[in-house]
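The values are calculated or read from the model by the stated rules, or taken from the named source; none is laboratory data. Model, not experiment: these values are computed from the prediction. No Cβ is skipped: glycine too gets one built from the backbone with ideal geometry, and neighbour counts run over all protein chains shown.
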Amino acid sequence: MWLAVDLLLVGVFAVIGRLSHYGTLTPGGWWTTAWPFLAGTLVAWVALALLRRPPDAIGSGVVVWLGALVVGMVLRQTSGQGTATAFVVVATLVLGALLVLPRVGARVRG
């Protein structure tokens, strides 16, 4: 379940970004923004599997957050997309909130 949640929330991150910067949302525009971070999320999930970390753990959320962020930024840079400092800061905060806070909430409720 957490893999689907993480991918969905990274997709939401891309929707918010596209709408806030362009005012419109197209599938192609969304994909351009989303794919590097989705790929980073999947890389992080491979790391979680190799480390045998429970996906609902808060630490696993941190791994997914950092994977989505770091791999996403590297892929954006290598594909000619922007990695301006302000974007990196906003992405760090928003992805952190989206990928870690749901696990904190689940831990508090559970």
Looking only at the range 25-34, and only at residues there that are part of a helix (DSSP H, G or I) and more than 10 Å from the chain's Cα centre (by Cα), the one that is surrounded by the most Cβ atoms within 10 Å (Cβ to Cβ)
T33
Suppose the filter is surrounded by fewer than 21 Cβ atoms within 10 Å (Cβ to Cβ), among the aliphatic types (A, V, I, L, M) and within 17 Å of the chain's Cα centre (by Cα); does A68 pass it?
no
V64, sole failed condition from (1) in contact with an Asp or Glu (Cβ under 7 Å, 6 or more places away or on another chain); (2) farther than 22 Å from T32 by Cβ
(2)
Give all pairs with beta carbons closer than 7 Å in which a residue from the range 4-19 that is charged (D, E, K, R) meets a residue that is part of a helix (DSSP H, G or I); count only pairs at least 6 apart in sequence or on separate chains.
D6/T41; D6/V64; D6/L99; R18/G29; R18/W30; R18/T33
Could you tell me which of the residues A49, A4, A39 is in a helix (DSSP H, G or I) and surrounded by 15 or more Cβ atoms within 10 Å (Cβ to Cβ)?
A39
Residues (under 17 Å from V12 (Cβ atoms) and free of Cβ contacts under 8 Å to residues at least 60 places away in the same chain) located in the range 88-102
V90, T92, L93, G96, A97, V100, L101
Taking the range 53-79, which residues are modelled with pLDDT of 95 or more, among the charged types (D, E, K, R) and farther than 19 Å from A91 by Cβ?
none
Every listed condition ((1) in a helix (DSSP H, G or I); (2) out of contact with any helix residue (DSSP H, G or I) (no Cβ under 9 Å at 6 or more places or on another chain)) holds for G80 save (1)
For the range 10-24, the count of residues that are in a loop (DSSP other than H, G, I, E, B) and surrounded by 15 or more Cβ atoms within 10 Å (Cβ to Cβ) equals 0
